[in-house]
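Quick notes on the structure that follows.
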Amino acid sequence: MNRKKTNDSPGVGNESKHSPDKVARKEQSVAVLDEFCNPDNPKIITFQDVSAASYKIKDGIQKTPCTKSQMSQVFNMDIFFKKEFLQFTGSFKERGARYTLMMLIPEKQKNGVIAASAGNHALALSYHGQELGIRITVVMPVIAPLMKIQSCKKYGANVIIKGAHLEESRNHAIALGKEHGLIYINGYDHPHILAGQGTMGLEIVEQVPNLDACIIPVGGGGLLAGTAVAIKNLKPNVKIIGVESVRCASFTEAMENGKPTFTPVQSSLADGLAVATVGVNSFATAKPLIDKILTVKEESIALSILRLIELEKAVVEGAGAVGLAAVLEGLLPELEGKKVVIALCGGNIDTTALGRVIERGLAVDGRLVRFGVTVSDRPGGIADLTRFIADLGVSIKDIFHERAWLKSDVYSVQVKCVVETRDSEHAEELKKKLTEKYSQVEWGSKVF
Ligand SMILES: Cc1ncc(COP(=O)(O)O)c(C=O)c1O
């Protein structure tokens with residue numbers, strides 16, 4: 001099996017392996033296991049499990065479109081996007097959640113279930129719990145977005161905010177479940193969750209005949225495991241490629257160690273993938289079936305989100321966009337000329353976060369640039385500069401100037417600008433013309 005680990009480059013979200021948040025998180029390495037996760041005897045799900053799930057949930061889940069992308073030409077690849085962000089609560093998580101709830105024996109359905117999640121699993125369970133008349137309790141960490149907390153409440157769930165991060169919420173949920181006789185539903189490792197997620201793979205095979213590869217985001221590994229079982233059983237030659245953020249590379253780590261291994265996670269745009277230890281069952285199921293596992297940088301996740309908005313009119317969250325990020329980073333040259341499905345598996349991104357991500361994406365793309373230029377402090381010096389910039393069709397977003405720290409003559413002023421250009425060539429043209437006109441131009445991040 002091919003494995004490729006990328007190095008994060010300087011810039012967006014690049015912290016060293018020994019950064020404070022990583023070291024601090026090391027202490028939380030002892031996660032409580034729930035009753036369906038036995039590392040000594042993992043449950044490997046089968047194609048029959050996925051088929052059974054597909055039949056059972058067919059009336060309660062959207063069959064999402066899987067359509068050819070505008071980006072196919074750019075990457076010289078026949079790209080199809082599986083649009084799971086169009087599920088009712090905005091992610092594929094509904095598949096596993098609905099199936100697991102439906103498979104509970106009536107007595108357990110009456111008791112209700114408990115789960116821990118910062119987002120999509122909680123939303124999926126809350127919504128389908130309401131639909132099926134099953135009481136849902138979700139423990140969410142304090143960092144869970146308010147919008148998701150409110151949506152879970154709107155779907156009638158009992159929401160408990162507890163834990164600085166997901167593992168603490170999880171341990172609390174497992175303890176509460178034991179105390180109150182509620183089944184704990186692990187969002188990426190319960191065998192029925194894996195079977196339910198696998199139904200996405202069945203749809204992909206039906207929707208895209210003759211596909212060559214399928215790229216799947218990886219958090220705890222449930223989606224990867226279920227989808228791999230479905231696709232490899234029907235089409236053994238299709239390559240299955242898992243992708244995670246370099247800031248939470250727990251599946252890569254598990255592959256290196258041959259077993260789920262605690263991997264400190266750092267904050268990431270792909271917050272839905274921030275799982276420190278991948279699932280016992282999902283790892284055992286996926287390991288023999290996958291062809292490659294890749295890690296992607298934060299800046300390419302931001303750029304992918306931007307590309308999906310601009311070119312596909314699709315709002316996709318970071319976790320859902322890592323598959324495209326792998327293609328953008330050029331990590332899959334062997335797929336050129338091939339038919340490739342990329343799962344866009346979630347769209348739950350806060351509007352404020354989306355605004356920041358778009359700005360980051362523009363910067364990575366060279367369309368938001370910053371520079372400093374020293375101009376005359378005489379009347380008209382700054383006006384000249386702004387006119388010059390405007391005449392090139394460049395739009396100024398921020399501008400300020402300073403005198404006190406300049407080492408050159410006292411009749412000069414340094415003007416610092418953040419500007420928006422059409423594309424990176426336009427930015428290069430601006431740089432060239434500015435350098436021709438002014439003797440002191442500083443370009444890029446060192447300016448601020
Ligand atoms: C949008 C999105 N994509 C992918 C994943 C990864 O799924 P899994 O944990 O089954 O690997 C998640 C998990 O929450 C998610 O929310």
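May I ask you to order 239-245, 386-392 by the average number of other C-beta atoms within 10 Å around their residues, highest value first?
Ranking, from highest mean packing down: 239-245, 386-392.
Distance from a point 7 Å along Cα→Cβ of residue 403 to each backbone N in segment 378-394: keep the residues under 17 Å and list them by number.
Residues passing the 17 Å test: 378-384.
What is segment 212-281's relative contact order, in percent, from Cα pairs under 8 angstrom and six or more apart in sequence?
Averaging sequence separation for qualifying contacts and normalising by length gives 35 percent for segment 212-281.
How far is the Cα center of segment 241-292 from the Cα center of segment 161-206, in Å?
16 Å
If the reach is capped at under 25 angstrom between alpha carbons, list the lysines near residue 162, excluding any in the same chain fewer than eight residues apart.
Straight-distance partners of residue 162: 22, 26, 93, 108, 110, 148, 153, 154, 178.
Cross-link partners among lysines for residue 68, C-alpha distance below 21 Å, same-chain residues fewer than 8 apart left out?
82, 83, 235, 239, 313, 338, 339
Just to confirm the number: angle between the C-alpha axis of helix 351-364 and the first principal axis of the chain, 0 to 90 degrees, nearest 10?
50 degrees
Residue by residue through segment 170-183, which ³J(HN,Hα) values in whole Hz follow from phi under the Karplus form 6.51 cos²θ - 1.76 cosθ + 1.60 (θ = phi - 60°), with glycine and proline marked x?
Result, rounded to whole Hz: 5, 4, 5, 5, 5, 5, 4, x, 4, 5, 10, x, 9, 6.
If packing is taken as the average count of other Cβ atoms within 10 Å, what order do 80-86, 222-228, 203-209, 342-348 fall into, highest mean first?
Order by mean packing, descending: 222-228, 342-348, 80-86, 203-209.
What is the diffusion coefficient of the chain in µm²/s, taking the Kirkwood radius over Cα pairs and the Stokes-Einstein relation at 20 °C with a viscosity of 1.002 mPa s?
Rounded, D is 92 µm²/s.
Using the beta-carbon distance between residue 160 and residue 63 and R0 = 22 Å, what value does 1/(1 + (r/R0)^6) give for FRET efficiency, to the nearest 0.05?
With a Förster radius of 22 Å, E is 0.05.
Rounded to the nearest 500 deg cm²/dmol, what is the calculated helix-only ellipticity per residue at 222 nm for the chain, with -39500 (n - 2.57) per DSSP H run of length n ≥ 4?
-12500 deg cm²/dmol
Got a sec? How would 438, 55 order by Cβ neighbour count within 10 Å, fewest to most?
Ordered from fewest to most neighbouring Cβ atoms within 10 Å, 438, 55 come out as 55, 438.
Taking amide hydrogens as modeled 1.01 Å from N in the peptide plane, which residues meet the under 5 Å criterion relative to residue 183, leaving out close sequence neighbours?
So residue 183 has HN proximity to 114.
Residue by residue through segment 63-71, which ³J(HN,Hα) values in whole Hz follow from phi under the Karplus form 6.51 cos²θ - 1.76 cosθ + 1.60 (θ = phi - 60°), with glycine and proline marked x?
Using θ = phi - 60°, the values come out as 8, 6, x, 10, 10, 5, 9, 4, 7 Hz.
For residue 296, what residues show an amide H to amide H distance below 5 Å, using hydrogens built from the backbone and excluding near sequence neighbours?
Under 5 Å from the amide H of residue 296: 244, 245, 246.
Hey, what did segment 93-184 get for relative contact order, percent, Cα under 8 Å, at least 6 apart?
RCO, segment 93-184: 31 percent.
Against the longest principal axis of the chain, how steep is helix 381-391, in degrees 0 to 90 to the nearest 10, with axes from Cα atoms?
Approximately 60 degrees, to the nearest 10.
Quick one: check the C-alpha center-to-center distance for segment 100-128 versus segment 349-374, whole angstrom.
The distance from the Cα centre of segment 100-128 to that of segment 349-374 comes to 39 Å.
Once phi is turned into ³J(HN,Hα) by the Karplus curve 6.51 cos²θ - 1.76 cosθ + 1.60 with θ = phi - 60°, what whole-Hz value does each residue of segment 239-254 show in order, with x for glycine and proline?
These are the phi-based 3J(HN,Hα) values: 7, 10, 10, x, 9, 9, 6, 4, 7, 8, 8, 6, 6, 4, 4, 5 Hz.
Quick one: order 360, 378 by neighbouring beta-carbon count within 10 Å, fewest to most.
Ascending Cβ contact count within 10 Å gives the list 378, 360.
Would you mind ranking 137, 285 so that the residue whose beta carbon has the fewest other beta carbons within 10 Å leads the list?
Least crowded to most crowded, the residues run 137, 285.
List the equivalent ellipsoid semi-axes of segment 93-184 in whole Å, largest first, each obtained as the square root of 5λ for an eigenvalue λ of the Cα gyration tensor.
Taking √(5λ) for each Cα gyration eigenvalue gives 19, 15, 10 Å.
Below 15 angstrom from the Cβ of residue 195, what's the summed charge of the other residues (Lys, Arg +1; Asp, Glu -1)?
+3
Please grab the % of Cα pairs in segment 146-240 that end up more than 22 Å from each other.
Value for segment 146-240 (Cα pairs over 22 Å): 46 percent.
What are the residues whose amide H is under 5 Å from the amide H of residue 368, where those residues sit 5 or more places off or on another chain and H is modelled from the backbone?
363, 421
Coordinate-derived values only; no laboratory data. The structure presented is a predicted model; accordingly, all values stated were derived computationally and were not measured. Every residue, glycine among them, receives a Cβ derived from its backbone with ideal geometry; neighbour counts consider all protein chains shown.
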